[in-house]
Amino acid sequence: MAIKIKRGEDMRKISIIGLGNVGATVAHTLVERSLCDTLILFDKKDGLAEAEVSDLSDGFVRRNGHINIKAGTEKDLSDSDIIIFAPGDITILQRFSDRLKEFEYTKTCAEEWGPKIKKSRFDGILLSITNPCDVIADYMQKLTGLPRERVIGTGTVLDTARMKNAVARVLNIDPNSVDGFVIGEHGNSQFVAWSQVSVATKPIMEILDRDMIEKIEEDTRMRAFETIKAKGYTSYGIANSTSLIVEAIFQDAKTILPVSSFSKKENCYIGHPAVVGREGILGDYEIELNEEEMEKWNKSANTIRETLPIK
């Protein structure tokens, strides 16, 4: 069923649940890129949504265009086009280098908001950022009862960006000139499908030696935790990844992105290339993997399935 993109004041309405470092940066990025017409903010901390509304509104004065920004009530969920789910507790990742450790807390956030979203009769697209990304996306789909194609996790979009940046630094080229994907769990079992990574159609395995490739893969996997160690959190990269998905939805761009979407074959949400458009997930693209990569894929899928609260 196609999403009805509204006309008038609420033509592109987005609600963000959770205004920590990530949620707030996503809100700012959406406003800066004028990716919505109405932005509704939610947070459990008293006064925080109102404070973010005030700050964002002050930052938009004398800019081209106009965005209606306000603190939300549950009534605002029903006619949102996209709900971005972003609760989290960064102190967990400051202590543990494993996103699965967040699930004990974020599970309760999903259980609080999933029924509220369902009760509101929201029929747009739910875009989940919250970690562990694949597990929470899967759980939110079950809690809300939304069609699987309309619940999307940010998946390995950010991890793919990190891989492209790492390769680009070694080769001294633009990261957009690197083709390929990080797939699997948005977590420690993720991996780069190196057999399909290329630069100007030339396989990366013919450009870089094995030692360098392994170093890049480890750097890609651990970059977030290195940033968290120094900065306390990450926010810009995931805000960009989220905005790219939002843009693909509103523009019906049919962009291929390694989001976390439901895999019938694996019976869970997992990061892999999918076509994203106005109706959410329009189709999957299965990457041809070699034997070693297939083993990593199976391990990653098992990691996600073993964590799911509802099998």
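The values are calculated or read from the model by the stated rules, or taken from the named source; none is laboratory data. Bear in mind the structure is a predicted one, so any value in this text is a computation, not a measurement. A quick note on method: Cβ atoms are made from the backbone with ideal geometry, for glycine too, and the neighbour counts reach across all protein chains shown. Protein only, heavy atoms only, side chains kept; ligands, DNA and RNA dropped before computing areas. Shrake-Rupley method; radii C 1.70, N 1.55, O 1.52, S 1.80 Å.
Listed values, structure above:
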{"read-out": "Sole exception among (1) assigned to a helix (DSSP H, G or I); (2) touching a residue at least 12 places away in the same chain (Cβ under 8 Å) for Glu112, by number", "value": "(2)"}
{"read-out": "Counted residues, region 66-83 - those being under 16 Å from Glu32 (Cβ atoms) and open to solvent by 60 Å² or more (accessible area, probe 1.4 Å)", "value": "1"}
{"read-out": "Those residues of region 287-311 which are under 27 Å from Thr144 (Cβ atoms) and either without any contact (Cβ under 8 Å) to a residue 40 or more places away in the chain or part of a helix (DSSP H, G or I) (or both), in sequence order", "value": "Ser300, Ala301, Asn302, Thr303, Ile304, Arg305, Glu306, Thr307, Lys311"}
{"read-out": "Pairs with Cβ under 7 Å, 6+ apart, first in region 23-34 and under 12 Å from Tyr236 (Cβ atoms), second hydroxyl-bearing (Ser, Thr, Tyr)", "value": "Thr25/Ser235; Thr25/Tyr236; Val26/Thr242; Thr29/Ser243"}
{"read-out": "Answer from Ile213, Ile281 - the residue that is of a type in the set (Val, Ile, Thr) and in contact with a strand residue (DSSP E or B) (Cβ under 7 Å, 6 or more places away or on another chain)", "value": "Ile281"}
{"read-out": "The listed residue being of a type in the set (A, V, I, L, M, F, W, C) and over 17 Å from the mean Cα position of the chain (by Cα), out of Ile245, Ile249, Ile213", "value": "Ile213"}
{"read-out": "Hits in region 275-284 - residues which are in a strand (DSSP E or B) and either polar (S, T, N, Q) or in contact (Cβ under 8 Å) with a residue 40 or more places away in the chain (or both)", "value": "Val276, Gly280, Ile281, Leu282"}
{"read-out": "Hits in region 182-214 (condition: touching a helix residue (DSSP H, G or I) at 6+ places or on another chain (Cβ under 8 Å), farther than 18 Å from Asn290 by Cβ and in a helix (DSSP H, G or I))", "value": "Met212"}
{"read-out": "Ile129 surrounded by 19 or more Cβ atoms within 10 Å (Cβ to Cβ), under 30 Å from Asp219 (Cα atoms) and not charged (D, E, K, R)", "value": "yes"}
{"read-out": "Extreme residue, farthest from Lys296 (Cα to Cα), among residues of region 215-265 that are assigned to a strand (DSSP E or B) and open to solvent by less than 10 Å² (accessible area, probe 1.4 Å)", "value": "Ser261"}
{"read-out": "All helices (runs of 4 or more DSSP H) inside region 1-96 with 1 or more residues being modelled with pLDDT of 90 or more", "value": "21-32, 48-59, 75-78"}
{"read-out": "Residue among Ile287, Ile281 that alone is under 16 Å from Gln196 (Cα atoms) and not aromatic (Phe, Trp, Tyr)", "value": "Ile287"}
{"read-out": "Out of Ala137, Ala161, Ala86, sole residue that is surrounded by fewer than 24 Cβ atoms within 10 Å (Cβ to Cβ), closer than 23 Å to Ile245 by Cα and among the aliphatic types (A, V, I, L, M)", "value": "Ala161"}
{"read-out": "Test: Leu100 is farther than 23 Å from Asp252 by Cβ, touching a Gly at 6+ places or on another chain (Cβ under 7 Å), free of Cβ contacts under 8 Å to residues at least 60 places away in the same chain and in a helix (DSSP H, G or I)", "value": "no"}
{"read-out": "First in region 115-142 and over 22 Å from Asn267 (Cα atoms) and among the hydrophobic types (A, V, I, L, M, F, W, C), second anywhere and modelled with pLDDT under 95 and buried (at least 22 other Cβ atoms within 10 Å of the Cβ), Cβ under 8 Å, 6 or more apart", "value": "none"}
{"read-out": "Residues satisfying the stated conditions in region 119-171, i.e. in a helix (DSSP H, G or I) and of a type in the set (Gly, Ala, Ser)", "value": "Ala137, Ala161, Ala166, Ala168"}
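Matching residues to (1) closer than 25 Å to Ala27 by Cβ; (2) hydrophobic (A, V, I, L, M, F, W, C):
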| site | (1), (2) |
| --- | --- |
| Glu149 | no, no |
| Ala161 | yes, yes |
| Ala166 | no, yes |
| Ile183 | no, yes |
| Ser198 | no, no |
| Lys202 | no, no |
| Glu206 | no, no |
